[in-house]
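Read the structure below first, then the notes.
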Amino acid sequence: MSDLLIVDSVTKSYAFGGLFGRGTFKAVDNVSFTLEAARPEIFTIVGESGSGKTTLARMILNLIAPTSGTIRFRGTDLNAIRGSRARMDFMRHVQPIFQNPFEVFNPLKKVDHYLFMTARRFAGASKTAEVEAHADAALQKVGLSLAEVKGRFPHELSGGQLQRTAIARALIPGPSLLVADEPVSMVDASLRMSIVNLFRTLRDDLRVSIIYITHDLATAYYISDRIIIMQKGVVVESGPARQVLDNPQHPYSILLKESVLSPETIGEGILGLARHTGEGPPEASAEGGAATRTLAQPRSS
Ligand code: ADP
Ligand code: MG
């Protein structure tokens, strides 16, 4: 069985301090998990602000290097990727989706510019018709079309449309992994489900694996195959998403769930969400259940 991504004992330390003392703290502390190439999945990283999610995402995207530990994508240590060709090849396969699409797209540039540029760089398209065909095909995959987007500036699209356009852009190179860092937190609540449902479609139809980073337990519950819960850089609990979220074991996970699904909100939470979309939560996959569930020792401090 070949692995798509291996995150092995990865730690990222930062220095802190000044006048009153110095030291290092671990933004990400000894995190390990593996995604298999043959089984695309939505792998969710949950944790409150500051728990190390973005730092981990940036290491997986090879934007920053771990202090210790290794990350391998399709067998290649990210640390060993040198030269523009190898970098391009990595970027072709691993694409980011960011939180705020209005920050990703320059407000003074038409959004089609990004799609066309990516088609030229990564899809080998050069003629206008070819470039437009690539852009249109990618937009169709996210429920849009080039006709709807062409010639428009970012502010002429809704947040949901713009995030879909960002996802379309990420699909043009034909990636096998998307790393989506809080992709729906800037999107209207009413549109969130349509974006996360899109991730499921991409997983099932395009066989793309998705690392979905969120602090939103409701969407995490709804679309994830597996989940890890992070607190202060440490994975405190991991396993099949519904098992973990239905019955969290670690005190932090329990707290996280209680804070979201308080008695007042529980009816409107996961169940309300399912009602809204007219769909129930996904059936727990038998395969997903094969993953072992693990729990970190509660921290004493
Ligand atoms: P999250 O995405 O879960 O909110 P982050 O990964 O952004 O968490 O941050 C984790 C911790 O690491 C935070 O305490 C943050 O302040 C710290 N951190 C992130 N990047 C840096 C950096 N470049 N230098 C110093 N500290 C950082
Ligand atoms: Mg973050």
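The values are calculated or read from the model by the stated rules, or taken from the named source; none is laboratory data. Just so it is clear, the model here is predicted, and its values are computed rather than measured. Using ideal geometry, Cβ is built from the backbone for each residue, glycine included, and neighbour counts are taken over all protein chains shown.
Side notes on the structure shown:
- The residue that is farthest from residue 60 (Cα to Cα), counting only those in the range 165-191 that are part of a helix (DSSP H, G or I) and more than 14 Å from the chain's Cα centre (by Cα), is 190.
Residues are listed down the side, and each one gets a yes or a no for (1) of a type outside the set (Val, Ile, Thr); (2) at pLDDT below 95:
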| residue | (1), (2) |
| --- | --- |
| 76 | no, no |
| 90 | yes, no |
| 95 | yes, no |
| 101 | yes, yes |
| 119 | yes, no |
| 125 | yes, yes |
| 154 | yes, no |
| 158 | yes, yes |
| 161 | yes, yes |
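- Flag if residue 41 is among the acidic types (Asp, Glu), within 21 Å of residue 244 (Cβ to Cβ) and surrounded by 17 or more Cβ atoms within 10 Å (Cβ to Cβ): yes
- In the condition set (1) small (Gly, Ala, Ser); (2) farther than 30 Å from residue 258 by Cα; (3) within 13 Å of ligand 2 (Cβ to nearest atom), residue 47 is compliant with all but (2).
- Candidate set: the range 193-214, residues that are polar (S, T, N, Q) and either under 27 Å from residue 74 (Cβ atoms) or within 16 Å of ligand 1 (Cβ to nearest atom) (or both); chosen: the one surrounded by the fewest Cβ atoms within 10 Å (Cβ to Cβ): 201
- Test: residue in the range 240-257 that is in contact (Cβ under 8 Å) with a residue 60 or more places away in the chain, part of a helix (DSSP H, G or I) and within 16 Å of ligand 1 (Cβ to nearest atom): yes
- Residue within the range 92-101 that is more than 13 Å from ligand 2 (Cβ to nearest atom) and free of Cβ contacts under 8 Å to residues at least 40 places away in the same chain present: no
- Restricting attention to the range 176-192, the residues that are more than 16 Å from ligand 2 (Cβ to nearest atom), surrounded by fewer than 21 Cβ atoms within 10 Å (Cβ to Cβ), of a type outside the set (S, T, N, Q) and in contact (Cβ under 8 Å) with a residue 24 or more places away in the chain add up to 2.
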